[in-house]
Amino acid sequence: MQETDVAALLREAMIVTLKLGGPPLLAALTIGLVMSLLQAITQINEQTLAFLPKVVGIGVTLTLFGGFMLATLVAFTQNVLDRLVAVGGQ
């Protein structure tokens, strides 16, 4: 396995990490922003108020994008294992 192969594998790992972590983080960010604006408008300064909507939003996001996330992770894992087998066969 050459240095370019390792660099390509690390690049692909970072892209997979963004694909897997992006949707739940984006949902939490959006819900947090909306709840912060709502708290600022109504002047309700309760820290636990935003917790339940974030949990529900992340759960919905994982339900909707779970299949895509699993397929992405399985494809990456198969790719890594195929490369390991190819290196071991040399």
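Derivation of every value follows stated rules applied to the coordinates shown; laboratory data play no part. As the structure is a prediction and not an experimental result, all values here were calculated from the model.
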| field | Gain on full stretching of the segment that runs from T48 to A7 - 0.36 nm per residue minus C-alpha separation | value | 10.5 nm
| note | One would report the Cα pair-distance distribution of the chain, bin width 5 Å, in %, as 2, 12, 17, 15, 11, 10, 9, 8, 6, 4, 3, 1, 0, 0
| field | In order through region 20-32: 3J(HN,Hα) via Karplus (6.51 cos²θ - 1.76 cosθ + 1.60), integer Hz, x for Gly, Pro | value | 7, x, x, x, x, 5, 5, 5, 5, 5, 5, 5, x
| Cα axis of helix 51-88 to longest principal axis of the chain: angle in degrees, 0 to 90, nearest 10? | 10 degrees
